[in-house]
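No value in this document is a laboratory result; all are computed from the given coordinates. Bear in mind that the values here come from a model prediction, so they are computed numbers and not experimental data. All Cβ positions, glycine included, derive from the backbone under ideal geometry; neighbour counts span all protein chains shown.
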């Protein structure tokens, strides 16, 4: 035996298992949802602790503790010996100043690693396992590798319906929950995949004008050319402090805000950071993601829109019914009243794809403008009608007519204007929307009937054109399914603000217009009667 | 239409779909096997191209092209506007100088993404799919997320045996192949998990002394306290240029070198970078990893050691037989003659765990020292005997006696000394091995018979003590299965060179000694007769 007993508070490697001390340094690198720590290769601590690149370290100070993946650095301008660098998000979590002394040690594995390994081994997990996993995910204890492992191991049919319920419950518990102190709080949600589908911006004012509480928190686009929050932001501010949101909802019975400030189901945002690059969207993950957000947001009733079509997320009625049953199972066990509506997802809804173009369509519907897209109006009325029927005073089947009356009378427009004013108006003029100054047109080759419009491809074109980041970019459709076109007729117009965006969009259109021109009988069957 | 047609070779965002130009900068951050690109948030290119944190970009210069994951930076000391930073490994792949102009663009997805998505969807893949995936992996086109997705989606029984063969073939093709220009090239390999199991260092000199060609390339430890390369490095240099290796093998019929310089099955090393943190080691991945390395190294005959025991990788005979059949299926289709030997994996082999301690055991066996561990000697003779029987002139069943004769006569020692001298001797004295100066002892609580030794736990203790990075650290066992011990008898001694290492090891021993003291009949059944 020959070891020193001296404890040290100086910077340097620890003795007797004491963690090593380093000076904290903020490294201005944005590593998104992964915590990264930077340590110099010649740092005595790095040497003595036997750390390895990509190993996980635990950093503590002031009673805070975070885990991070270690990157080894050979440039003292980034981190010097005796310093511990942290990526921006990791630094923020530690709530300490630059230069503060932190301790660093090999991290113990997150407590839920055992449960993750059992899932990787194909086992069924219990509620407590999901709680442990989701807690570790939402507190950023998982590396990107571990996150991906969880997402892939729970992909497809790896989760049974009870496990999906457990996952949903765990995701709700890991974040904040809003309580509106009313028994009836209605919301609607679409599983996504249909460009231009901005029904929320019509449904909320209709339902709120009826007096129902509809505090809609929406997401920004993840892979689509616009989310409701992106489009609403054309008209009004959407990033509101939660207290301001409460006041608006209290006064106006509704809002259309971005949900990111409320810490609802925070694990969902972390999971999306790996689901998005892998384009994974399995039924179990979709159900847990949507229902955890909605329940955490305090909804008691949810109308869920599942569109079907050849280029929609769901492509057949049996698939839609399977998904519906999974949503209903989980909702029932978590005491959310759920009304699933299966809708026509064969083509984009409305004319515009992209924030400004969609805002134009929405305002024209509210203003009963003859140029308003009828499909958007009809779909919004159907969904609003179903939500109104959650009101015990509305008779089954009467919802649609009530919704139409609210829209036609201008009460929905008045309510929307109130909400816009309350959130902070951006003075958008739907009669003169500012569109991207660069544009090109795509025209029909040959005559016939529009027999197919590819949702994915049109969404891609709008994204290449710059949407949603460039609000005035996107695609403006001039022909829809079933329309007769002659050779050279205009199919759609693409708008962009930057030449490179325009060129990317043009190349995408050159590969395919996304339109199929055929015979009337080639138009795909409407799966739904609704 | 309103767009500029001017082409530009100045730095800045591209026009008309031309890729954007930036000045290359080496960022001295070691991100292991993942290429990372760093771009300043205010860089005009970042803004104009609509890149996102974690999106993948393609960087080109001089006819080279690499893909990298983008990290956004807010510190001009790391990268300034107009610069593109690359992590160390990524910079090296591009083979360009600091300051060189590179073009950067949104990356097209790797060509194998379609195949990866089909695997994620549960489909069976064809040989060409595996070729595309493995080519993309070995050229670093996959992000950590995509790599993990592939590893998890091919985990457990997700690959059928033909798919394992395809994966193995693809992994061989993606790297270099050694050709020794002889019809009989023998090798041995153990699937791992048993500490102290250094039979290769005995088998190679025995077999080479017999005149068979045995060019053994070994790995360093990944999760164990020592790999053959780590232990051999105590005696001789192991990092040899491939041409020097050829000369040694030509002269001495054998070598014991590190395989990392030869670019054999390079995808394997990339896959291990995510399998290791997840502790994934499924049968399919194990077979593809081992057989691709061995076939690429030019082996015609392989003796494969599968140890069974309660704390070994394989825990039952049926499991070992299933694994054996999978190895045999793939080997047969890839024309490798395979001889699987199922061995006793109930406890560590030999006395020492850690590079110096294991080198001491190996040299004592070669020197016929009475202190040599008999289990290591016996196991090495059995394996060498099986390899010798690949020689058409050796009669079935005679291998063991020939191996013993070579060992007992000192010819194996002489051959080992030749190989050590050829690779570059490090002048190790097995009679006076330099062990870590700090140590503590672990003693029996209560009397009885050693009825269990946990391979994992002993390996962990040796790693906490510093092995394999600290060569003189490790665990020296003084009692093995079936030995009678009295209360207070020495079970093992732990050696370390750093106080913090010693303390970590001490804490691990305090949690559990890894030994079970019970009755003679508690000693687990020997699964194998061998």
(request) Based on other C-beta atoms within 10 Å, arrange B:484, B:158 from fewest to most. (result) B:484, B:158
(message) Shape verdict for segment A:403-530, please, from the Cα gyration tensor: rounded (a/c under 1.5), prolate (a/b greater than b/c) or oblate.
(response) oblate
(request) Kindly give the distances from residue B:126 to its copy-mates, label point to label point, with each label point 7 Å from Cα along Cα→Cβ, as nm values to one decimal ordered shortest first. (result) 4.7
(request) Apply the Kirkwood formula to chain A: the hydrodynamic radius equals the inverse of the mean of 1/r over all pairs of different alpha-carbon atoms; give it in Å with one decimal. (result) 25.3
(request) Obtain the nm distance between the two label points defined at residue B:242 and residue A:405 by a simple spin-label model: each point lies 7 Å from its Cα along the Cα-to-C-beta direction. (result) 8.3
(message) Among DSSP bridges having both ends in segment B:20-106, what percentage is antiparallel? Round to the nearest 5.
(response) 65
(request) Please give the helix B:161-173 orientation as an angle from the longest Cα principal axis of chain B, in degrees from 0 to 90, rounded to the nearest 10. (result) 70
(message) Given points 7 Å out from each Cα along the Cα-Cβ axis, report the residue A:487 to residue B:64 separation in nanometres with one decimal.
(response) 5.2
(request) Indicate, rounded to the nearest 5 percent, the antiparallel portion of the DSSP beta bridges found entirely in the protein assembly as shown. (result) 55
(request) Fewest Cβ neighbours within 10 Å first, please rank A:187, B:179 accordingly. (result) B:179, A:187
(request) For a footprinting-style exposure proxy, rank A:168, A:231, A:61, B:251 by other Cβ within 10 Å, fewest first. (result) B:251, A:61, A:168, A:231
(request) Please work out whether segment B:20-106 counts as rounded, prolate or oblate from its C-alpha gyration tensor, where a ≥ b ≥ c are the square roots of the eigenvalues and a/c under 1.5 means rounded, while otherwise a/b larger than b/c means prolate and anything else oblate? (result) rounded
(message) Could you tell me the calculated FRET efficiency between residue A:522 and residue A:395, based on Cβ-Cβ distance and R0 = 35 angstrom, to the nearest 0.05?
(response) 0.30
(message) So the label point sits 7 Å from Cα along the Cα-to-Cβ vector; using that for residue B:368, what distances do you get to the other copies, in nanometres, sorted shortest first?
(response) 11.0
(message) Nearest 500 deg cm²/dmol is fine: what mean residue ellipticity at 222 nm does chain A get from its DSSP H runs of n ≥ 4 alone, each adding -39,500 (n - 2.57), divided by its residue count?
(response) -11500 deg cm²/dmol
(request) Mind pulling the angle between the C-alpha long axis of helix A:374-388 and the longest principal axis of chain A? Nearest 10 degrees, somewhere in 0 to 90. (result) 70
(request) Compute the semi-axes of the equivalent ellipsoid of segment A:186-423, taking the square root of 5 times each eigenvalue of the Cα gyration tensor, and list them largest first in whole Å. (result) 24, 20, 19
(request) Would you tell me the mean number of C-beta atoms belonging to other protein chains that fall within 10 Å of each C-beta in A:20-32, as a whole number? (result) 4
(request) Can you tell me the relative contact order of chain B? Whole percent, Cα pairs under 8 Å, sequence separation 6 or more. (result) 13
(request) With a Förster radius of 35 Å, plug the Cβ-Cβ distance of residue A:95 and residue A:44 into 1/(1 + (r/R0)^6) and report the FRET value to the nearest 0.05. (result) 0.85
(message) Can you tell me the orientation of helix B:411-423 relative to chain B, as the angle in degrees between its alpha-carbon axis and the longest Cα principal axis, to the nearest 10?
(response) 30
(message) Would the protein assembly as shown count as rounded, prolate or oblate if I go by the C-alpha gyration tensor, calling it rounded below 1.5 in a/c and otherwise prolate when a/b exceeds b/c, oblate otherwise?
(response) prolate
(message) Taking a point 7 Å out from Cα toward Cβ as the label site, list the nm distances between residue B:157 and the same residue in every other copy, smallest first.
(response) 1.5
(request) Nearest 5 is fine: what % of DSSP beta bridges in chain A come out antiparallel, could you say? (result) 55
(request) Evaluate peptide A:121-129: per residue, the Cβ atoms of other protein chains within 10 Å of its Cβ; return the mean as an integer. (result) 1
(message) With a cut-off of 8 Å between alpha carbons and a minimum separation of six or more residues, what is the relative contact order of segment A:20-106 in percent?
(response) 50
